[in-house]
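Colleague: I have a structure here, written as C-alpha coordinates, and I will follow up with some questions on it.
The values are calculated or read from the model by the stated rules, or taken from the named source; none is laboratory data. The shown structure was predicted, so the numbers you read here are calculated from the model rather than taken from an experiment. Virtual Cβ from ideal backbone geometry, glycine too; neighbours counted across all protein chains shown. Ligands, DNA and RNA are stripped out before the accessible areas are found, and what is left, the full protein with its side chains, is counted by its heavy atoms. Shrake-Rupley method; radii C 1.70, N 1.55, O 1.52, S 1.80 Å.
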Amino acid sequence: MSLDKNKVKEIAFLARLSIQDSELEQSTQELNNILGLMDQLGEIDTGDAEPMAHPLEMSQRLREDQVTEDDLSEEFHEIAPKTGNNHFLVPTVIE
(Lines give C-alpha, C1' and ligand atoms only; values in the text may rest on other atoms or scores of the structure.)
Protein backbone atom coordinates (compact mmCIF):
# COMPACT_ATOMS: atom_id res chain seq x y z
CA MET A 1 0.00 0.00 0.00
CA SER A 2 1.33 3.40 -0.95
CA LEU A 3 0.07 6.84 -0.01
CA ASP A 4 0.14 9.91 -2.21
CA LYS A 5 0.26 13.54 -1.06
CA ASN A 6 -3.52 14.00 -1.30
CA LYS A 7 -4.13 10.97 0.92
CA VAL A 8 -1.60 12.25 3.46
CA LYS A 9 -3.38 15.63 3.50
CA GLU A 10 -6.67 13.85 4.12
CA ILE A 11 -5.19 11.76 6.94
CA ALA A 12 -3.66 14.88 8.49
CA PHE A 13 -7.04 16.63 8.33
CA LEU A 14 -8.83 13.70 9.96
CA ALA A 15 -6.16 13.52 12.67
CA ARG A 16 -6.35 17.30 13.14
CA LEU A 17 -2.66 17.67 12.30
CA SER A 18 -1.23 20.75 10.67
CA ILE A 19 1.20 19.72 7.94
CA GLN A 20 2.77 22.51 5.93
CA ASP A 21 3.29 22.07 2.18
CA SER A 22 7.04 22.11 2.79
CA GLU A 23 6.68 19.08 5.12
CA LEU A 24 4.25 17.17 2.91
CA GLU A 25 6.87 15.38 0.78
CA GLN A 26 8.84 14.19 3.81
CA SER A 27 5.69 13.18 5.71
CA THR A 28 4.45 11.18 2.72
CA GLN A 29 7.78 9.37 2.44
CA GLU A 30 7.90 8.63 6.18
CA LEU A 31 4.35 7.27 6.25
CA ASN A 32 5.07 5.08 3.23
CA ASN A 33 8.20 3.77 5.00
CA ILE A 34 6.10 2.91 8.07
CA LEU A 35 3.52 1.12 5.93
CA GLY A 36 6.33 -0.78 4.21
CA LEU A 37 7.62 -1.96 7.59
CA MET A 38 4.11 -3.07 8.53
CA ASP A 39 3.91 -5.08 5.30
CA GLN A 40 7.22 -6.75 6.17
CA LEU A 41 5.91 -7.64 9.65
CA GLY A 42 2.77 -9.09 8.08
CA GLU A 43 4.87 -11.48 5.98
CA ILE A 44 6.49 -13.11 9.02
CA ASP A 45 5.25 -16.65 9.69
CA THR A 46 4.06 -16.68 13.30
CA GLY A 47 2.12 -19.96 13.11
CA ASP A 48 4.55 -21.80 15.38
CA ALA A 49 4.86 -18.98 17.95
CA GLU A 50 3.28 -19.76 21.29
CA PRO A 51 1.12 -16.93 22.72
CA MET A 52 2.69 -15.27 25.74
CA ALA A 53 1.27 -13.12 28.51
CA HIS A 54 4.60 -11.32 28.84
CA PRO A 55 7.83 -11.50 26.84
CA LEU A 56 10.04 -11.99 29.87
CA GLU A 57 10.23 -15.27 31.75
CA MET A 58 10.13 -13.58 35.12
CA SER A 59 7.70 -13.67 38.00
CA GLN A 60 6.78 -10.60 39.95
CA ARG A 61 7.57 -10.26 43.60
CA LEU A 62 4.20 -9.87 45.25
CA ARG A 63 3.53 -8.56 48.69
CA GLU A 64 1.17 -10.25 51.09
CA ASP A 65 -2.39 -9.00 50.74
CA GLN A 66 -3.16 -7.18 53.98
CA VAL A 67 -5.90 -4.72 54.90
CA THR A 68 -4.27 -1.39 55.72
CA GLU A 69 -7.32 0.88 56.07
CA ASP A 70 -10.33 0.82 58.35
CA ASP A 71 -13.77 0.03 56.90
CA LEU A 72 -15.55 3.41 56.90
CA SER A 73 -18.45 2.36 54.68
CA GLU A 74 -21.08 2.74 57.43
CA GLU A 75 -19.95 6.32 58.10
CA PHE A 76 -20.15 7.12 54.39
CA HIS A 77 -23.63 5.57 54.16
CA GLU A 78 -24.80 7.75 57.04
CA ILE A 79 -23.94 10.96 55.20
CA ALA A 80 -25.15 9.77 51.77
CA PRO A 81 -28.44 11.25 50.50
CA LYS A 82 -29.93 7.83 49.63
CA THR A 83 -28.76 4.28 50.31
CA GLY A 84 -30.20 0.80 50.04
CA ASN A 85 -28.74 -2.70 50.61
CA ASN A 86 -25.30 -1.24 51.36
CA HIS A 87 -25.30 0.63 48.04
CA PHE A 88 -25.43 4.30 47.16
CA LEU A 89 -28.63 5.15 45.27
CA VAL A 90 -28.28 7.66 42.44
CA PRO A 91 -30.80 9.16 40.01
CA THR A 92 -31.42 7.26 36.78
CA VAL A 93 -29.56 8.83 33.88
CA ILE A 94 -30.39 6.32 31.13
CA GLU A 95 -33.93 5.20 30.59
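Colleague: Can you give me the number of residues within region 39-51 that are open to solvent by 100 Å² or more (accessible area, probe 1.4 Å) and within 29 Å of Met1 (Cβ to Cβ)?
Modeller: Going through region 39-51 one residue at a time, the tally reaches 6.
Condition check ((1) on the phi > 0 side of the Ramachandran plot; (2) under 24 Å from the mean Cα position of the chain (by Cα); (3) not small (Gly, Ala, Ser)) across all residues:
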{"position": "Lys7", "(1), (2), (3)": "no, no, yes"}
{"position": "Ile19", "(1), (2), (3)": "no, no, yes"}
{"position": "Glu25", "(1), (2), (3)": "no, no, yes"}
{"position": "Leu35", "(1), (2), (3)": "no, yes, yes"}
{"position": "Lys82", "(1), (2), (3)": "no, no, yes"}
{"position": "Asn86", "(1), (2), (3)": "yes, no, yes"}
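Colleague: May I ask you to list the residues in region 22-51 that are assigned to a loop (DSSP other than H, G, I, E, B) and either of a type outside the set (A, V, I, L, M) or in contact with a helix residue (DSSP H, G or I) (Cβ under 9 Å, 6 or more places away or on another chain) (or both)?
Modeller: Glu43, Asp45, Thr46, Gly47, Asp48, Glu50, Pro51
Colleague: Could you tell me which residue of region 56-95 is modelled with the lowest pLDDT, considering only residues that are open to solvent by less than 100 Å² (accessible area, probe 1.4 Å) and in a loop (DSSP other than H, G, I, E, B)?
Modeller: The qualifying residue modelled with the lowest pLDDT is Leu56.
Colleague: Checking the condition surrounded by 11 or more Cβ atoms within 10 Å (Cβ to Cβ) and assigned to a loop (DSSP other than H, G, I, E, B), which residue from Ile11, Ile19 passes?
Modeller: Ile19 is the lone residue from the list that is surrounded by 11 or more Cβ atoms within 10 Å (Cβ to Cβ) and assigned to a loop (DSSP other than H, G, I, E, B).
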